[in-house]
Amino acid sequence: MSMNVASDDGEDTVMSEINTTPLVDIMLVLLIIFLITSPVVLKTISVKLPPELNQPLKTNPENINISIDKDGGTYWNQKQLGSTAELLEKLKVEAVKVPQPEVHIRGDSDTPYQFVGKVILTSQRAGIQKIGFITEPPARGG
C-alpha cells in the first residue's frame, strides 16, 4: 500500500506535513496572557491577618435556649414542650420584648433536620430576628 502524494499532471499537490503556524500563534497568545497576569497574581497587598480566635458565646439570661433531642423532643430552657403550637405561643411572647432575645438552638447530632427546620420556621413565624446554633467546638491541637 502506498499513498499518492502528488499527481503527475501538475495540479494541486497534497501536503503531507502538519501546518504548525496556528499552533505557534495560540502558544504566543497564551504566553502573552500568562506574562501579563502573573505579576498581578504574585504581587498582592500585604496585610496582617487576624489570628484565629474562637471565643465562647456569653449566654445572657434573656437568651432563649431551645434544645432538640434525637427523637425530635423540643425543650425550652430544659423544660420539655408538648407541641409546636406551644413553642409558637412562647416565642410570640418573647418576640415583642425590647430588646428582642436571641434564640439559640442546640440540636443533637443524630436529630433529623426536619425537627430543627420546624423550630427555625416556628421562630420565624413568631417574629424572632436572631437565631443561632450552638455546636461542639473542635478539639484543640488535633
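The values are calculated or read from the model by the stated rules, or taken from the named source; none is laboratory data. Keep in mind the model is a prediction, meaning the values are calculated, not measured. Using ideal geometry, Cβ is built from the backbone for each residue, glycine included, and neighbour counts are taken over all protein chains shown.
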Residue match in the range 53-76 (condition: modelled with pLDDT under 70, more than 26 Å from the chain's Cα centre (by Cα), assigned to a loop (DSSP other than H, G, I, E, B) and farther than 20 Å from G132 by Cβ): no
Matching residues, the range 63-83, being among the hydroxyl-bearing types (S, T, Y) and either in contact with a helix residue (DSSP H, G or I) (Cβ under 7 Å, 6 or more places away or on another chain) or over 11 Å from D108 (Cα atoms) (or both): T74, Y75, S83
Some residue of the range 19-35 being at pLDDT below 75 and of a type in the set (A, V, I, L, M): no
Residues within the range 65-113 that are touching a strand residue (DSSP E or B) at 6+ places or on another chain (Cβ under 8 Å) and hydrophobic (A, V, I, L, M, F, W, C), tallied: 8
Selection status of I134, within 24 Å of the chain's Cα centre (by Cα) and surrounded by 10 or more Cβ atoms within 10 Å (Cβ to Cβ): yes
Subset of the range 90-102 [assigned to a helix (DSSP H, G or I) and surrounded by fewer than 13 Cβ atoms within 10 Å (Cβ to Cβ)]: V93
Those residues of the range 103-129 which are of a type in the set (F, W, Y) and surrounded by 16 or more Cβ atoms within 10 Å (Cβ to Cβ), in sequence order: F115
